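Worksheet: the structure to be examined is printed underneath.
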Amino acid sequence: MDLGLDVTEKNGYAVLSVRGEVDVYTAPRLRERLVELVSQGHTKVVVDLESVDFLDSTGLGVLVGGLKRLRSHEGDLTLVCTQRRILKVFEITGLTKVFEIHDSVDAATPA
């Protein structure tokens, strides 16, 4: 499965829409894209996981690393996810306490 990464802007937020599977093979591309966004000066990033079919521990690590990187630049990374099977991964690992998780891009990008 290929990984799709598209960036749009909404209300001053960089919205990174992720499609496909985020695993040991594709996670480095996600990491590169997050690093690129921070280096371009984005401090408010929303990662939209609505079209993600699979997320493993490598993908979780990339998201945690992205959050740490943004916070070290006075920024933040929030998630959009309503899929039960993906949310369960965040619940089991306790990352629901670390990440702000929204139901929609609109909710994650207040004007």
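Stokes-Einstein diffusion for the stretch 10-58, with the hydrodynamic radius set to the Kirkwood value over Cα pairs and evaluated at 10 °C in a medium of 1.306 mPa s, equals 139 µm²/s. Size descriptors for the chain (Cα atoms only): Rg and Dmax, in that order, 12.6, 36 Å.
Provide the FRET efficiency to the nearest 0.05 for the A111-D56 pair, computing r from the beta carbons and using R0 = 30 Å.
After rounding to 0.05, the efficiency reads 0.30.
For the chain, averaging the sequence separation of C-alpha pairs within contact (under 8 Å, six or more residues apart) and dividing by the residue count gives a relative contact order of 27 percent.
Output the pairs from K10/K44; K44/K68; K10/K97 with a Cα-Cα distance over 18 Å in this structure; if there are none, say none.
Exceeds cut-off: K10/K97.
Of all the options V98, V89, V18, the one that moves most in a Gaussian network model of the chain with Cα springs shorter than 10 angstrom is V98.
FYI, it's all coordinate maths here, none of it is from the lab. Please read all numbers here as calculations on a predicted model, not as lab measurements. As a convention, Cβ positions derive from the backbone with ideal geometry for all residues, glycine included, and neighbour counts pool all protein chains shown.
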